[in-house]
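The values are calculated or read from the model by the stated rules, or taken from the named source; none is laboratory data. Nothing here was measured: the structure is a model prediction, and the numbers come from that model. As a convention, Cβ positions derive from the backbone with ideal geometry for all residues, glycine included, and neighbour counts pool all protein chains shown.
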Amino acid sequence: MFIGEYKHTLDDKGRIAIPAKLRYSKVGEEEFWVATKGFDHCLFVYPKNEWGVIVKALNERLTFTKKDDRSFLRMFVSPANEQAVDKQGRIALPLSLREYAGVQRDVVILGAINRIEIWSEENWNKYREENEQSFDLLGEKLADIGL
């Protein structure tokens, strides 16, 4: 399970170090990760085995005959990029994904249970400010799931 908030810096080659606590959150260290577009202009980064679970679920639930399903699959799966973790625990983020998320230098990495989210520090601060006040209201709406 991935939890926590970490501030990091993208290097000149577009690489980001995955925090050690997140790299070791699964059994053993993940060798490959898959990065793709997330929601709210962040990046979703999955360990390769978790990405397989996501793709299997999408394949079982979505169909190519529905326009919205096709559109979602194209926007979510086609920009996905598999990366090996180097000896320093870094993965390279393709330019297209960095541009989508506005990631230039300073980033915030969030643990999000089954994935990691990578945000530009500016986008994360803006998102957090906009949503901080509604947090309690969202909690009330989620009360019916039994938490």
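Kindly provide the set of residues from region 96-147 that are among the hydroxyl-bearing types (Ser, Thr, Tyr) and in contact with an Asp or Glu (Cβ under 9 Å, 6 or more places away or on another chain), ordered by number. Write out each step before concluding.
So in region 96-147, the residues among the hydroxyl-bearing types (Ser, Thr, Tyr) come out as 96, 100, 120, 127, 134.
Of everything in region 96-147, those that are among the hydroxyl-bearing types (Ser, Thr, Tyr) and in contact with an Asp or Glu (Cβ under 9 Å, 6 or more places away or on another chain) turn out to be SER120, TYR127.
Can you spot a residue in region 24-35 that is out of contact with any helix residue (DSSP H, G or I) (no Cβ under 9 Å at 6 or more places or on another chain), under 28 Å from GLU130 (Cβ atoms), at pLDDT 95 or above and of a type outside the set (Ser, Thr, Tyr)?
Within region 24-35, not a single residue is out of contact with any helix residue (DSSP H, G or I) (no Cβ under 9 Å at 6 or more places or on another chain), under 28 Å from GLU130 (Cβ atoms), at pLDDT 95 or above and of a type outside the set (Ser, Thr, Tyr).
Go through ARG98, ARG74 for me and flag whichever is among the basic types (Lys, Arg), assigned to a helix (DSSP H, G or I), surrounded by 15 or more Cβ atoms within 10 Å (Cβ to Cβ) and out of contact with any strand residue (DSSP E or B) (no Cβ under 7 Å at 6 or more places or on another chain).
Numbers: ARG74 fails: surrounded by 15 or more Cβ atoms within 10 Å (Cβ to Cβ).
Among ARG98, ARG74, only ARG98 is among the basic types (Lys, Arg), assigned to a helix (DSSP H, G or I), surrounded by 15 or more Cβ atoms within 10 Å (Cβ to Cβ) and out of contact with any strand residue (DSSP E or B) (no Cβ under 7 Å at 6 or more places or on another chain).
Table: residues versus (1) under 27 Å from GLU130 (Cα atoms); (2) out of contact with any helix residue (DSSP H, G or I) (no Cβ under 6 Å at 6 or more places or on another chain).
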{"position": "LYS13", "(1), (2)": "no, yes"}
{"position": "GLY38", "(1), (2)": "yes, yes"}
{"position": "LEU43", "(1), (2)": "yes, no"}
{"position": "LYS48", "(1), (2)": "no, yes"}
{"position": "LEU58", "(1), (2)": "no, yes"}
{"position": "ASP69", "(1), (2)": "no, yes"}
{"position": "ALA80", "(1), (2)": "no, yes"}
{"position": "GLY89", "(1), (2)": "no, no"}
{"position": "LEU97", "(1), (2)": "yes, yes"}
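Please verify whether VAL108 is modelled with pLDDT of 90 or more, within 15 Å of the chain's Cα centre (by Cα) and not in a helix (DSSP H, G or I), treating the condition exactly as stated. Let's see the steps before the verdict.
Working: modelled with pLDDT of 90 or more: yes; within 15 Å of the chain's Cα centre (by Cα): yes; not in a helix (DSSP H, G or I): yes.
Yes; evaluated as a whole, the condition is true for this residue.
In region 69-85, is there at least one residue being under 14 Å from LEU10 (Cβ atoms) and touching a residue at least 40 places away in the same chain (Cβ under 8 Å)? Steps first, answer last, please.
Filtering region 69-85 for residues under 14 Å from LEU10 (Cβ atoms) gives 83.
Subset that is touching a residue at least 40 places away in the same chain (Cβ under 8 Å): 83.
Yes, region 69-85 contains a residue that is under 14 Å from LEU10 (Cβ atoms) and touching a residue at least 40 places away in the same chain (Cβ under 8 Å).
Consider GLY111 carefully, then state whether it is within 21 Å of TRP33 (Cβ to Cβ), surrounded by 13 or more Cβ atoms within 10 Å (Cβ to Cβ) and either in contact with a Leu (Cβ under 8 Å, 6 or more places away or on another chain) or among the polar types (S, T, N, Q) (or both). Please lay out each step first, then the result.
Numbers: within 21 Å of TRP33 (Cβ to Cβ): yes; surrounded by 13 or more Cβ atoms within 10 Å (Cβ to Cβ): yes; either in contact with a Leu (Cβ under 8 Å, 6 or more places away or on another chain) or among the polar types (S, T, N, Q) (or both): yes.
Yes: the conditions hold for GLY111.
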